[in-house]
Amino acid sequence: MSNLAKRTITGIVLVVLVIAAIITDQHLFALLFLLFTMVGLWEFYTLVEKAGILPNKTAGMVAGIVLFSTNAMVAMNMMNLEWLLINFVCIFLIFLLELYRNNPNPFTNIAFTFFGLVYVAVPFSVLNYFPNPAFIPGVYHSSLLLGFFFLVWINETGAFLIGTAIGRHRLFERVSPNKTWEGAIGGGVLTLASAFVISLYYTHINLRDWLIIALMVFVFSTYGDLFASMFKRSVNIKDYGSILPGHGGIIDRFDGVIMAAPFVFVYLLMMY
């Protein structure tokens, strides 16, 4: 089977899985992305080890699980906001645990342990707030979450297909030689057009807001892809992992979501 066929099949399965989780139940979505958070953190820490850095994998994984779980439960009104303070305890425990590891470059190890949390766990965690940015008990607007994912997928797919078909001018050759301006602009146009279509069906927010979210997705999901490529090239590897045939790892598949989610989250909070 060709790599394109593997990529297509894996992409379809993943899309169906995410959509099914969003539509079915917010708890199911949280469990799915808790799993993605754990796998993504493991991929990230394994990657930086290849650069000779020794993050505290165990502490980072535990802190990531706590960070995601507390945010998910606060977002679903299962916990009060004060419970998020437990994450400060996890942060300082990482400092203390480094004392007992007796590894070289402790500050670098600590920094990359935290970096994994900021890069993977935080963006996945804030997705839990998308269906109910106003924290209204019993409210779950799956359309906000679905619309966000649709826009990210359309941007990525459009950029790939258009770039493959007519791409000539390199977008950022030093970091990602295959990305082109034609692909990026084409993906952006499709994303903005899709925001108009989405606004006709998902009317919880208006067209202007969907267009702004689409513009954020276009810009920051593109940067997310470039950042992931830069990081992989720095340690001379092709993919973060191999769990998803044709795509690589969880971070490879969700790099656009990872970079775009915090910006869209802040915008949703400002809207409400």
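Could you tell me which numbered condition Gly163 fails, if it satisfies all but one of (1) surrounded by fewer than 19 Cβ atoms within 10 Å (Cβ to Cβ); (2) under 18 Å from Thr8 (Cα atoms)?
(1)
When you scan the range 240-259, how many residues do you find that are among the charged types (D, E, K, R) and farther than 11 Å from Gly40 by Cβ?
We begin by selecting, within the range 240-259, every residue among the charged types (D, E, K, R); these are 252-253, 255.
Restricting the remaining residues to those that are farther than 11 Å from Gly40 by Cβ gives none.
Total meeting the criteria: 0.
Go over the candidates Asp225, Asp252 one by one and state the one that is of a type in the set (Asp, Glu), out of contact with any Lys or Arg (no Cβ under 8 Å at 6 or more places or on another chain), in a helix (DSSP H, G or I) and within 23 Å of Ala184 (Cβ to Cβ).
Numbers: Asp225 fails: out of contact with any Lys or Arg (no Cβ under 8 Å at 6 or more places or on another chain).
Only one candidate qualifies: Asp252.
Residues in the range 40-57: is at least one polar (S, T, N, Q) and farther than 30 Å from His141 by Cα? Give the steps one after another, and end with the answer.
The initial filter retains those residues of the range 40-57 that are polar (S, T, N, Q), namely 46, 56.
Cutting the leftovers down to farther than 30 Å from His141 by Cα gives us 46, 56.
Looking through the range 40-57, at least one residue is polar (S, T, N, Q) and farther than 30 Å from His141 by Cα.
For the range 4-14, indicate whether the set of residues that are surrounded by fewer than 14 Cβ atoms within 10 Å (Cβ to Cβ) and in a loop (DSSP other than H, G, I, E, B) is non-empty.
no
Which numbered condition trips up Pro131, out of (1) crowded, with 19+ Cβ neighbours inside 10 Å; (2) assigned to a helix (DSSP H, G or I); (3) under 18 Å from the mean Cα position of the chain (by Cα)?
Unmet condition: (2).
If you go through the range 93-107 one residue at a time, do you hit one that is within 25 Å of the chain's Cα centre (by Cα) and farther than 13 Å from Met61 by Cα?
Our first condition is that a residue be within 25 Å of the chain's Cα centre (by Cα); within the range 93-107, this holds for 94.
Still in the running and farther than 13 Å from Met61 by Cα: none.
Looking for residues that are within 25 Å of the chain's Cα centre (by Cα) and farther than 13 Å from Met61 by Cα, one finds none in the range 93-107, hence no.
Kindly indicate which of Ser199, Ser143 is among the polar types (S, T, N, Q), assigned to a helix (DSSP H, G or I) and within 22 Å of the chain's Cα centre (by Cα).
Numbers: Ser199 fails: within 22 Å of the chain's Cα centre (by Cα).
Only one candidate qualifies: Ser143.
Looking at Leu34, Leu41, Leu47 in this structure, which one is of a type in the set (A, V, I, L, M), within 14 Å of Val118 (Cα to Cα) and assigned to a helix (DSSP H, G or I)?
Values: Leu34 fails: within 14 Å of Val118 (Cα to Cα); Leu47 fails: within 14 Å of Val118 (Cα to Cα).
Only one candidate passes the filter, namely Leu41.
Where residues in the range 202-218 are in a helix (DSSP H, G or I) and free of Cβ contacts under 8 Å to residues at least 40 places away in the same chain, which of them is farthest from Ala134 (Cα to Cα)?
From the range 202-218, those in a helix (DSSP H, G or I) are 207-218; that's our starting set.
Those still in the list that are free of Cβ contacts under 8 Å to residues at least 40 places away in the same chain too: 207-208, 211, 215.
Values: Leu207: 19, Arg208: 19, Leu211: 20, Leu215: 22 Å.
Out of the qualifying residues, it is Leu215.
For the range 50-78, what are the residues that are farther than 17 Å from Phe29 by Cβ, touching a helix residue (DSSP H, G or I) at 6+ places or on another chain (Cβ under 8 Å) and assigned to a loop (DSSP other than H, G, I, E, B)?
Ala51, Ile53, Leu54, Pro55, Asn56 - these are the residues of the range 50-78 that are farther than 17 Å from Phe29 by Cβ, touching a helix residue (DSSP H, G or I) at 6+ places or on another chain (Cβ under 8 Å) and assigned to a loop (DSSP other than H, G, I, E, B).
Of the residues that sit in the range 213-236 and are small (Gly, Ala, Ser) and crowded, with 16+ Cβ neighbours inside 10 Å, which one is farthest from Phe150 (Cα to Cα)? Step through it out loud before you land on a result.
Taking the range 213-236 and keeping what is small (Gly, Ala, Ser), we get 214, 221, 224, 228-229, 234.
This time we only want the ones that are crowded, with 16+ Cβ neighbours inside 10 Å, so: 214, 221, 224, 228-229.
Working: Ala214: 10, Ser221: 12, Gly224: 16, Ala228: 21, Ser229: 22 Å.
Applying the filter and picking the extreme gives Ser229.
Scan the range 228-248 residue by residue and report those that are part of a loop (DSSP other than H, G, I, E, B) and either of a type in the set (Phe, Trp, Tyr) or under 18 Å from Val122 (Cβ atoms) (or both). Walk me through it before giving the result.
Filtering the range 228-248 for residues part of a loop (DSSP other than H, G, I, E, B) gives 235-243, 245-247.
Correct list: Tyr240 only.
So for the range 194-212 (the condition being crowded, with 19+ Cβ neighbours inside 10 Å, closer than 25 Å to Val74 by Cβ and not aliphatic (A, V, I, L, M)), does at least one residue qualify?
Within the range 194-212, none of the residues are crowded, with 19+ Cβ neighbours inside 10 Å, closer than 25 Å to Val74 by Cβ and not aliphatic (A, V, I, L, M).
If I ask for residues that are touching a residue at least 24 places away in the same chain (Cβ under 8 Å) and either of a type in the set (Ser, Thr, Tyr) or at positive phi (or both), which ones from the range 96-119 would you list?
Asn105, Thr108, Thr113, Tyr119
What's the number of the only condition in (1) within 22 Å of Arg253 (Cα to Cα); (2) among the hydroxyl-bearing types (Ser, Thr, Tyr); (3) not in a helix (DSSP H, G or I) that Tyr100 fails to meet?
Here Tyr100 meets the rest and fails (1).
Exactly one of these conditions fails for Ile136: (1) surrounded by fewer than 18 Cβ atoms within 10 Å (Cβ to Cβ); (2) hydrophobic (A, V, I, L, M, F, W, C); (3) part of a helix (DSSP H, G or I); (4) more than 22 Å from the chain's Cα centre (by Cα). Give me its number.
For Ile136, the exception is condition (3).
Search the range 35-70 for residues being aliphatic (A, V, I, L, M) and in contact (Cβ under 8 Å) with a residue 60 or more places away in the chain, and hand back the single one that is surrounded by the most Cβ atoms within 10 Å (Cβ to Cβ).
Step one: list which residues in the range 35-70 are aliphatic (A, V, I, L, M), which gives 35, 38-39, 41, 47-48, 51, 53-54, 59, 61-63, 65-67.
Imposing the further condition that a residue be in contact (Cβ under 8 Å) with a residue 60 or more places away in the chain reduces the set to 39, 41, 47-48, 51.
Numbers: Val39: 18, Leu41: 29, Leu47: 23, Val48: 22, Ala51: 13.
Per the criteria, the residue is Leu41.
Just so you know, all these numbers are worked out from the coordinates, no wet-lab data involved. Computed from a prediction, not measured in an experiment: that's the story for all the values here. For neighbour counting, all protein chains shown are included, and Cβ atoms are generated from backbone atoms with ideal geometry for every residue, glycine included.
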